[in-house]
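Below: the structure, in structure tokens.
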Amino acid sequence: MGESVKTQDGRTAKGRSATPSPITDEAADPADALEETRDATAPAIDMTHGAIAPNGSTPAFPDSPDRHSWLRRARSPRRPRLWFEILLIGLSYWIYSLIRNAVPEQRTKALSNADWIWSAEHHLGIAVEQSINHAADSVTWLIVGMNYYYATLHFIITIGVLIWLFRRHPGRYAAARLVLFATTAVALLGYYLFPLAPPRLMRGGHFIDTVEHHETWGSFASGNLKNVSNQYAAMPSMHIGWSLWCGLTIFALAKAPWAKILGLLYPTVTLVVIVATANHFWLDAVGGMICLAFGFAVSYVWYGSLPYSLPRTVKNTRPRRRRRPLTA
């Protein structure tokens, strides 16, 4: 039965009963329904001061803008924009290279630190870099391949993972990118505070510079390019920081088992390469891992979750239009 509704002229009219419609919205998202339920049951919020209004009452100034809304928007995952990401990544890497190469090349201190690292590794029983370097150098095709690996995949794989995140995991992209950016930023502090010569530049000629020995291109720290690159920025190793970020991202988000295995193999092979080419000590790799841990901590504090735990996709954040009620 319908209900009687009183109109503006004082008369009553019989309206239709509130029988649920058998037609359902197939496009409705269960997540949206859950959010609407939470919003309906949540206590009223004072948008002026960001506090809960007493007794769930309506705030005194409901139309006042929330002064914390910009912070919530900044910390909420959003769909990335291609032009902005290209500009941001290009500009960030340019600034990183500029600062890294602007760090004073403290040759004497860098060589002294290298001697200290080498001595420390002897005490730890892990000073096998020289043996690996000479063994790999004796196999020409292997060491030449490692030279090109060191020079190219560091950039190719990292950019490839960023593109994959952008296309397939837009909701996690910004948080994962923040990990990479924070890792790289803190590495600059290491270059400044702890200048370190790579093994191939140590005094005594114990290590072989495989790029110069086999006359292969690709190292910014060897050949004609060494004059435009900081020679003594070996600690921490961003080859390890970036490759481990790529490997963990692939392992966490890829569905195919073979892709997960490749994700774990990539930083492992990179570790062997940086040692075999005499570009880093083992402890440089540890420094890269510490920087990556810092990057994950920054992202977790900002987004309140690890990147891989965030939703894969991001919905359109534009406000929905309210439907006008039907009039009799």
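The values are calculated or read from the model by the stated rules, or taken from the named source; none is laboratory data. This one's a predicted model, so the numbers in the text were calculated from it and none came from an experiment. FYI the Cβ positions are ideal-geometry reconstructions off the backbone, even for glycines, and counts take in every protein chain you see. Remember, those area values only see protein heavy atoms, side chains included, never the ligands or the DNA or RNA. Shrake-Rupley method; radii C 1.70, N 1.55, O 1.52, S 1.80 Å.
Which FRET efficiency, nearest 0.05, do VAL139 and ARG167 yield, Cβ-Cβ r, R0 35 Å?
0.35
For every other residue with a beta carbon closer than 15 angstrom to the beta carbon of HIS123, add +1 if it is Lys or Arg and -1 if Asp or Glu, then tell me the sum. Around HIS123, the surrounding residues sum to -3. Summing Lys and Arg as +1 and Asp and Glu as -1 over all other residues whose Cβ lies under 11 Å from the Cβ of ARG312 gives a net charge of +2. Measuring with a 1.4 angstrom probe and ignoring ligands and nucleic acids, LEU87 comes out at about 100 Å² accessible. Full extension of the chain segment joining ALA293 with GLU212 gains 25.8 nm, where the gain is 0.36 nm per residue of separation less the Cα-Cα distance. Ranking GLY145, PRO198, ALA182 by how far each Cα lies toward the positive end of the dipole of segment 73-222 (charges on Cβ) leaves ALA182 at the top. Couplings for segment 273-282, taken from phi via the Karplus curve 6.51 cos²θ - 1.76 cosθ + 1.60 with θ = phi - 60°, read 5, 5, 7, 5, 8, 6, 8, 8, 8, 4 Hz in order; Gly and Pro are left as x.
Around the amide H of ALA233, modelled in the peptide plane, lie the amide H atoms of LEU196, all under 5 Å away and 5 or more residues distant in sequence or on another chain.
Accessible surface comparison of HIS214, HIS169, HIS134, probe 1.4 Å, protein chains only, largest first: the order is HIS134, HIS214, HIS169. Across segment 249-254, computed HN-Hα scalar couplings (Karplus, 6.51 cos²θ - 1.76 cosθ + 1.60, θ = phi - 60°) run 5, 5, 5, 6, 10, 6 Hz from first to last residue, x flagging Gly and Pro.
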